[in-house]
1. Of the conditions (1) within 16 Å of the ligand (Cβ to nearest atom); (2) acidic (Asp, Glu); (3) free of Cβ contacts under 8 Å to residues at least 60 places away in the same chain, residue 99 fails just one. Which one is it?
2. Within the stretch 106-127, can you find the residues that are crowded, with 20+ Cβ neighbours inside 10 Å, closer than 17 Å to residue 62 by Cα and not charged (D, E, K, R)?
3. All but one of (1) among the polar types (S, T, N, Q); (2) more than 15 Å from residue 115 (Cβ to Cβ); (3) open to solvent by 40 Å² or more (accessible area, probe 1.4 Å) hold for residue 146, so report the exception by its number.
4. I'd like to know if the stretch 161-183 contains one or more residues that are out of contact with any Ser or Thr (no Cβ under 9 Å at 6 or more places or on another chain), more than 26 Å from residue 27 (Cβ to Cβ) and among the charged types (D, E, K, R).
5. Looking for something assigned to a strand (DSSP E or B), touching a strand residue (DSSP E or B) at 6+ places or on another chain (Cβ under 8 Å) and either closer than 19 Å to residue 109 by Cβ or open to solvent by less than 70 Å² (accessible area, probe 1.4 Å) (or both) - is there at least one such residue anywhere in the stretch 55-77?
6. Report yes if residue 155 is open to solvent by less than 80 Å² (accessible area, probe 1.4 Å), at pLDDT below 90 and within 14 Å of the ligand (Cβ to nearest atom), otherwise no.
7. Of all residues in the stretch 194-217 being in contact with a Gly (Cβ under 8 Å, 6 or more places away or on another chain) and either polar (S, T, N, Q) or in a helix (DSSP H, G or I) (or both), which is farthest from residue 18 (Cα to Cα)?
Amino acid sequence: MARITIPQLRDRRAAGDAIVMVTAYDYPGARAAERAGVDMVLVGDSGAQVVLGHDSTVAVTTDELLVLAKAVRRGTDTAFVVCDVAFGTTETSDAQAVDTAVRFVKEAGADAVKLEGGSEARLSRIRAIVAAGIPVVGHIGLTPQTATALGGLRAQGRTVESATRLVAEALGVQAAGAFCLVVEAVPSEITAVLREALDIPIIGIGAGPADGQVLVLHDLLGITEGHTAKFVKSYGTIGADMTAAIAAYAAEVRAAAFPGPEHGYAATPEAVAAARAALPNA
Ligand code: KIV
C-alpha cells in the first residue's frame, strides 16, 4: 500500500473518519505503529523526555531528532511521517526555519514538519516553510517548547483572553498554509469552536473530540514513569512487562539457568580436543 497523502487526510476529515496519530522515536516503535494501521506518525520532540531522559523538550537538537526520524521513516511504509522541529532551530529567522525543515525532508524523508505556536513570528516561519514546498502541521494550545512563557504545562483556552487568542492563532496557522493543526490541552468546547472555524483537520491531545487524536507512544504503552498529564490514557503495561522480563533474565543468569544447551553451538570432539591441546600447559 502507498503512503497516506495530504488529500487523503483532508478526505478523512470531510468524511468524518477519525485520523489516528501516534508518536514514535525508533524503528520498532514505528513498525508497531505501522502494523497497528495508524495514519500519521509524529517524531515528537517529546522524545527528549521519553527516550533521551531530559526533563523538558527544549534540550533536544536537530541532529538528535534526525537520528530518531530516520529510524521511524525506515519503520513506516504507509503512515504519514511528521517531524517536530527542535526548539531554537526556527526562532531566529524564516531562512533558519526553512534550513531546519529542509534537513528533515532531505535527510530523514519526513513528509511534513510540525511547528509550535501561533504568534506573528511563527506564522511567518510557517509561510516560509510552506513556500519552500514543505508541508507544515501547526501546534497550538499547550506548546511545551514555550511552556515557561505560558506559566507552565497548563491547559490553555480556559479564559476569555486565552480562548480568543486560540481562535486567532488557529485561523492564522491555517491562513499561513499549514495543512493540519495539533491542539493540545484545550477545553473540548473551545476545540469545537476551532473545528467550526477551520477547514484543515484538527488533531487533538487533551482537547476532546477532534478530527483525529494523538498520544505519546510511551504514555499509551504504559512505559512512562511518574506523573503523566490528565489527558493520557494508557492502553498497556509495557513498562512493567519490560522490567519483569529483564528481572526474569537476571534471575536465570544468577541461578545458572540461562543459557541452556539449546542456546549454544556444537563443536566436534576434535575441535574441543584441539582447543585443549592449545592451552599453554597442555
Ligand atoms: O512532541 C510531541 O510528542 C508532541 C505531541 C504531544 C503532539 O508534540
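1. (1)
2. Within the stretch 106-127, the first condition is being crowded, with 20+ Cβ neighbours inside 10 Å, and the residues that meet it are 108, 110-118, 122-123, 125-126.
This time we only want the ones that are closer than 17 Å to residue 62 by Cα, so: 108, 110-116, 125.
Result: 108, 110, 112, 113, 115.
3. Just one mismatch for residue 146, condition (2).
4. Checked against the condition, which is being out of contact with any Ser or Thr (no Cβ under 9 Å at 6 or more places or on another chain), more than 26 Å from residue 27 (Cβ to Cβ) and among the charged types (D, E, K, R), the stretch 161-183 yields at least one hit.
5. So far as the stretch 55-77 goes, no, none of its residues is assigned to a strand (DSSP E or B), touching a strand residue (DSSP E or B) at 6+ places or on another chain (Cβ under 8 Å) and either closer than 19 Å to residue 109 by Cβ or open to solvent by less than 70 Å² (accessible area, probe 1.4 Å) (or both).
6. In short, no.
7. 217
Yes/no per residue for (1) at pLDDT below 95; (2) of a type outside the set (Ser, Thr, Tyr):
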position	(1), (2)
1	yes, yes
7	no, yes
10	no, yes
28	no, yes
34	no, yes
37	no, yes
57	yes, no
63	no, yes
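The values are calculated or read from the model by the stated rules, or taken from the named source; none is laboratory data. All values derive from a computational prediction rather than experimental measurement. Here the Cβ is made from the backbone with ideal geometry for all residues, glycine too, and neighbour counts use every protein chain on show. Surface accessibility is based on the protein's heavy atoms, side chains included, excluding ligands, DNA and RNA. Shrake-Rupley method; radii C 1.70, N 1.55, O 1.52, S 1.80 Å.
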